[in-house]
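Quick note: the coordinates plus some simple rules give every number you see, no bench work behind them. Model, not experiment: these values are computed from the prediction. Virtual Cβ from ideal backbone geometry, glycine too; neighbours counted across all protein chains shown.
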Amino acid sequence: MRKIKKQKIYLLALLLPFIMFVIGFEIGPLVAMIKNSFYADDGIQVTIDQYLTIFKSEFYLQAIKNSLVISVFSAITSVIVAVIAAYSFTKFSQKIQNRLLMVTNMTSNFEGIPLSFSYIILLGNNGLFTLLFAKIGWDLFADFNLYSWTGLILVYIYFQIPLAVMLIYPSYQGIRQQWKEASSLLGGSTFSFWLRIGVPVLLPSIVGTFSILFANAMGAYATAYALVGSNYNILSLQIASLVASDVALKPQLGSALGVLLATTMIGAMWFNERMMRRVRRDLR
Amino acid sequence: MSYVTIEQVTKGYDNQLVLNNISLTLKKGEFATLLGQSGCGKSTLLRSIAGLEDVDVGRILIDGKDITDLSPRQREVGMVFQSYALFPNMNVFDNIAYGLKMKKVKNLKSKVNNMIDMVDLIGKEESYPHQLSGGQQQRVALARALVMEPKVLLLDEPLSALDAKIRKSLQKELKRIQKELDITTIFVTHDQEEAMTMSDRIFVMNKGQVVQSGSPSEIYTSPVNTFVAKFIGNYNVCNMEVFRKLVRTTELKGNEVAIRPEVLQLVSVGEDSLDLQGNWEIKGFVKDVSMAGNVLRYEVETEECAFHVDYLHHRGEMFEQGARVQILVPKKECIML
Amino acid sequence: MKSSLTFHKLFVGLLVIYLLIPLVGTLLFSIAGKWDHTILPESYTLKWYIELFQDERFYDAFRRTLFLIVISVGLSVVIMLPTIFIITVYFSKWEGLLQAAAMLPYGVPPIVGAVGLIKLYSAGPIQIAGTPWILIGAYFITILPFMYQGIRNSLRTLNAVQLVDAAELLGATKFQAFRTVVFPNIISGILVSTLLSVSLLFSEFAFANLLVGGRFETLQIYLSDKLNSSGHLTSAIVITYYSMILLLTGTVLKLTFRNKRNPVGSK
């Protein structure tokens, strides 16, 4: 018995590098951030002032609100598009379905700086489309400004849609042809099948996908940074400028905002996990 | 003399005893079976012998040597797993040769080929596990364990994943190989019929304890308690008070009586038994008749409880459903528990 | 029925066009000579690519990115493989803990992670903020969920615990069992998560910008710096970069498909 124990200690030693990385670069920074958020600007006095500042400041509340609005809006739009698109996918032959999935998979990698750049050359001030539309004389686009809220939402929706399609598509695979046949044998119409069976089965995965997209947009930094720099007031850009810019560093305040952002995101992820558990149970 | 000795082995997981003070011994060359329902501890005991589980208390000896603290690779035991655990990246030859390679054995090729011959897999040397049928995979797993010439062969429900026909033929073959090599074997199964056909000795386990051990016929004809009676032979088990009332006697002792279904006889009402001294009679009617191949199984309802009666299915009189009958119960076949 | 199929065709067609337009636009822009008032470019040229491939800065940035990726993905494989193996095989009661640690990065975006990392490493005993070393640590954590899921799933489908038991009973040591029986069977699964991680780190900007910035110019930093200079040249960078990503994901898809069809390689 002693021999077996000795062997286990030797195995435990092999786990040390992993434990060091997790403490040094995952748990450590999180703890440091949480701790730092409870200090005053001087870094000495323990206080909850940073949180009070945030909730009293119209500026930071606006940043939180903007982030929430853009995340919810882009997530809802993408989920709706994805629900229809994934259903449409299932109407094609397996070969075409694979092609379509490949296109979504490939475009899902087109995000961040390169994506923003693409939009700039297409729809920016001197963008191809901007110039083209001006020439044709479409007034609709005359007021369009890519470096604004609308532009930001447009780009966010672009990178959310492929992700949403890839997350929702598999749950359509879970709806078996046999269920539809059983439902119609029992006298149900197509409509009543979707109402009573299809949608309830899909719902957890739709809600779960929504929460992932929401978190994805809340945490997005590169896209916004490239598109609007610090011109637009959203949470991730504010945190960045508080902890890593050249002017006005306020790491304690940045930490407090970081804690709020992380809480929101972990909450969304936790919610998704619960939803996926239901999906797995239903589709067993 | 005893070749495998297990002394007071006990093991628990979070406050629950999986193995409760188990002691048993095996002779060299014996084919022993650990029989019981899932969760009775039989697989845990087997894995403890292999060294894949630690025991909390007790000792395990093989050939006089205490192996309790040895690692699996030092124990010189071979094992066949329920799902075979063949190495998917190696072909049949390499799977069987694996252990010999680890031991750096010379003339490995001839040993492996002999083994392939023994388990009847000639021509499949180059095949990979996923190209083989379940029965063939099972043979590879057996050959892989046997080629090491282990002191004890451990078989963890090795046949349970196969369909009935292949199962029967592999049972025979396994037994043949075991006799040929005269290898001490411990077999784990939940199937009492399989245990009966294969074993020299059976250990019936329940709730982490060995409840009865003996030869197949000992276990079958004289179960020591209700659990074994019900588990082993589809015994009719009847409350003793009820039974006394049915046969109008006071000479029986014990709490329950167990009677095998094939010792009972049915006669039409009115027909007298030839041997009233040796038999009791119980009145009843045939509630159901079902046929399981060569056996006719009657379910006979009496005043107090129902009895199963098994008949070999040969030509002759057959009782219809609803027929009034008398059950003849041979007195000496009643086992008091 | 027929009219509804038309709807599906139309919808999917529009979606595909919508998704491809930015890519096609950028591609055209990168090979366009003169293009300002027509739908398609008036002339084509490769000079932007030639210019790009003569830019030392581009090569340097590419080399730096490659350096970061090789070190952090390499470290991750070397560390995660034994860690996950040991925990699933010998300490299965800690599996929940491992999973929690491995999945946490999903809930902590780089922007949040950077806040704590800057605090922790800009003062005190280990001052590595602003150096590539802090990025390697951060990237190790970034790819943790992918490496973890890839390796764990491979071990599960293989039923690694039982194979190791079998090998040990046949006289192999734990290390031999791992090397001869487990490793050859999970290598293609690991390859998939490795390539996924590589392509993920290729596109990583947030950590690079916040932790190190211009002091160690990676491909993404270089790109963001070029955003405001010549559009044609930047298009060429984007297309070059995206082709690499496509190559990586293409390989991943191919491998995944092959693994699915043929769970454990026959040859």
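Quick check on the stretch C:127-267: take the gyration tensor over C-alpha atoms, sort the square-rooted eigenvalues as a ≥ b ≥ c, and tell me if it's rounded (a/c under 1.5), prolate or oblate. The shape class here is oblate.
Only Cα pairs within less than 10 Å get springs; with that Gaussian network setup on chain B, which residue of B:Asn234, B:Asn95, B:Asn294 has the largest fluctuation? Most flexible of the set in this elastic network: B:Asn294.
Shown is the FRET efficiency for A:Ile80 and C:Leu246, computed with R0 = 25 Å from the Cβ-Cβ distance and rounded to the nearest 0.05: 0.35. Of all lysines in the structure, the ones whose alpha carbon falls short of 22 Å from that of A:Lys135, not counting any fewer than 8 places away in one chain, are C:Lys34.
Here's the picture: charge each Lys and Arg Cβ at +1 and each Asp and Glu Cβ at -1 in the stretch B:236-336, and of B:Ile335, B:Leu296, B:Gly284 the one pushed furthest to the positive end of that dipole is B:Ile335. Each Lys and Arg adds +1 at its Cβ and each Asp and Glu adds -1 at its Cβ; summed about the Cα centre, the protein assembly as shown shows a dipole of about 1200 debye. Tally Lys and Arg at +1 and Asp and Glu at -1 over the other residues with C-beta under 15 Å from the C-beta of A:Val259: what net charge comes out? Once all neighbours under 15 Å are counted, the net charge is +2. The calculated FRET efficiency for the pair A:Leu14 and C:Thr131, based on their C-beta separation and a Förster distance of 25 Å, comes to about 0.35.
Give me the inter-chain shielding for C:12-19: mean count of other chain Cβ atoms within 10 Å, whole number please.
For this peptide, the per-residue mean of nearby foreign Cβ atoms is 6.
Applying the Karplus relation 6.51 cos²θ - 1.76 cosθ + 1.60 with θ = phi - 60° to the stretch B:72-80 yields 3J(HN,Hα) values of x, 6, 9, 8, 6, 10, x, 9, 10 Hz, where x marks Gly and Pro. Shown in residue order for the stretch A:188-202 are the 3J(HN,Hα) couplings computed by the Karplus curve 6.51 cos²θ - 1.76 cosθ + 1.60 at θ = phi - 60°: x, 8, 4, 4, 5, 4, 5, 5, 9, 10, x, 5, x, 6, 6 Hz (x for Gly and Pro).
Ordering C:Ala61, C:Thr142, C:Ser224 by the projection of their Cα atoms onto the charge dipole of chain C, which places +1 on the Cβ of Lys and Arg and -1 on the Cβ of Asp and Glu, puts C:Thr142 at the extreme positive end.
Between the listed residues B:Asn234, B:Ile202, B:Phe93, the Cα displaced farthest toward the positive end of the dipole of chain B, a dipole computed from Cβ unit charges relative to the Cα centre, is found at B:Phe93.
Between C:Ser122 and A:Asn126, the modelled labels are 3.6 nm apart [label points 7 Å from Cα along Cα→Cβ].
Beta bridges from DSSP with both residues in chain B: antiparallel share about 75 percent, rounded to the nearest 5.
What is the stretch A:1-129 by shape, rounded, prolate or oblate, if you read a ≥ b ≥ c off the alpha carbon gyration tensor as root eigenvalues and call it rounded for a/c under 1.5, prolate for a/b larger than b/c, and oblate otherwise? Oblate. In terms of its alpha-carbon gyration tensor, the stretch A:57-282 comes out oblate; a/c meets the 1.5 threshold, while b/c is at least as large as a/b.
Applying 1/(1 + (r/R0)^6) with R0 = 35 Å to the Cβ-Cβ distance of B:Asn234 and A:Leu186 gives a FRET efficiency near 0.25. Placing +1 on each Lys and Arg Cβ and -1 on each Asp and Glu Cβ, with no other charges, gives chain A a dipole about its Cα centre of roughly 1880 debye. For the options C:Gln127, C:Gln149, C:Gln220, a Gaussian network treatment of chain C with springs between C-alpha atoms closer than 10 Å singles out C:Gln127 as fluctuating the most. Once both labels are positioned 7 Å from their Cα atoms along Cα-to-Cβ, the gap between A:Ile136 and A:Asp41 label points is 5.2 nm. Derived scalar couplings between HN and Hα for the stretch B:330-337 equal x, 4, 6, 8, 7, 9, 8, 10 Hz in order, rounded to whole Hz, by the Karplus curve 6.51 cos²θ - 1.76 cosθ + 1.60 (θ = phi - 60°), x for Gly and Pro. Of all lysines in the structure, those lying under 17 Å Cα to Cα from A:Lys180, and not within fewer than 8 positions of it along the same chain, are A:Lys91.
Between C:Val115, C:Val77, C:Val212, the residue with the greatest mean-square fluctuation in the GNM of chain C (Cα pairs under 10 Å linked by springs) is C:Val115.
Please give the calculated 222 nm ellipticity per residue for the protein assembly as shown, where each DSSP H segment of at least 4 residues contributes -39500 (n - 2.57) and the sum is spread over every residue; nearest 500 deg cm²/dmol?
Taken over the protein assembly as shown, the calculation gives -18000 deg cm²/dmol.
Annotation note: GluC sites (Glu not before Pro) in the stretch C:1-68 located in DSSP loop regions with a Cβ neighbour count of at most 14 within 10 Å are C:Glu42.
Straight-line reach from B:Lys245: taking Cα to Cα under 23 Å and skipping same-chain neighbours fewer than 8 places apart, the lysines in range are B:Lys230, B:Lys253, B:Lys283, B:Lys287, B:Lys331, B:Lys332. In this rough spin-label picture, where each label sits 7 Å from Cα along the Cβ direction, the B:Lys172-A:Asn233 distance is 8.8 nm.
Using unit Cβ charges (K, R positive; D, E negative) and no other charged atoms, how large, in debye to the nearest 20, is the dipole of the stretch C:25-261 about its Cα centre?
Values: 17 positive and 12 negative charges, 124 e Å.
That gives a dipole near 600 debye.
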